[in-house]
Amino acid sequence: FRKAAAALRALWSAGNSYLEEKAPWLEIKTDQEAAALTLRTAMNLIHLYAVVSEPFVPTTAKAMRTAFRLDGDTATWISRDGAKSLAAVPAGTPFIVPPVLFAKLT
């Protein structure tokens with residue numbers, strides 16, 4: 001369980017590093033196509049996170065998946081190649097911002 005949780009945290013961290021490096025909030029000013037690709041990749045990462053997080057935080061994972069409004073979307077494991085392609089969320093898919101998923105610890 002600990003190894004799986006550590007691997008999940010590493011996956012989340014890699015996605016965060018990707019967004020920090022690509023900085024789509026700056027990229028949009030100079031290259032809209034590149035910014036769109038970055039955001040599409042980020043949306044697919046969020047969906048992937050939702051699927052692989054299901055055993056740990058099922059309610060939160062479902063809220064993340066539901067935000068995409070994909071027909072028939074479930075927490076079904078996908079193939080390794082499917083995960084690598086990051087194409088579960090096609091371009092133009094509407095995204096509904098979910099409520100706060102984790103309360104701030106004080």
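The values are calculated or read from the model by the stated rules, or taken from the named source; none is laboratory data. Predicted model only: the values in this text are computed from it and were never measured. Neighbour counts run over all protein chains shown; Cβ positions are idealised from the backbone, glycine included.
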TODO: Hey, can you tell me all the residues within region 50-61 that are part of a helix (DSSP H, G or I) and surrounded by fewer than 18 Cβ atoms within 10 Å (Cβ to Cβ)?
DONE: PRO58, THR59, THR60
Task: Selection count where residues are touching a residue at least 40 places away in the same chain (Cβ under 8 Å) and either within 16 Å of ARG65 (Cα to Cα) or under 11 Å from the mean Cα position of the chain (by Cα) (or both), scope region 1-19 - done: 1
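Here are LEU45, LEU26, LEU37: which of them is within 21 Å of THR66 (Cα to Cα) and either part of a helix (DSSP H, G or I) or at pLDDT below 95 (or both)?
After ruling out the rest, the residue left standing is LEU45.
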- [ ] Name the single residue, out of those in region 66-99 being among the small types (Gly, Ala, Ser) and under 18 Å from LEU39 (Cα atoms), that is modelled with the lowest pLDDT.
- [x] ALA83
Open item on the list: Could you check region 4-49 and list, in sequence order, the residues that are of a type outside the set (A, V, I, L, M) and surrounded by 16 or more Cβ atoms within 10 Å (Cβ to Cβ)?
Closed with: GLY15, LYS22, PRO24, GLU27, THR38, ARG40, THR41, ASN44, HIS47, TYR49
Open item on the list: Need pairs with beta-carbon distance below 6 Å; first residue free of Cβ contacts under 8 Å to residues at least 24 places away in the same chain and within 16 Å of ALA91 (Cα to Cα) and within region 20-35, second among the charged types (D, E, K, R) and in a helix (DSSP H, G or I); sequence gap 6+ or separate chains.
Closed with: ALA34/GLU27; ALA35/GLU27
TODO: Starting from region 37-56, take each residue that is under 13 Å from ALA5 (Cβ atoms) and list its partners that are polar (S, T, N, Q) and surrounded by fewer than 18 Cβ atoms within 10 Å (Cβ to Cβ), counting only C-beta distances under 8 angstrom and pairs at least six apart or across chains.
DONE: SER53/THR60
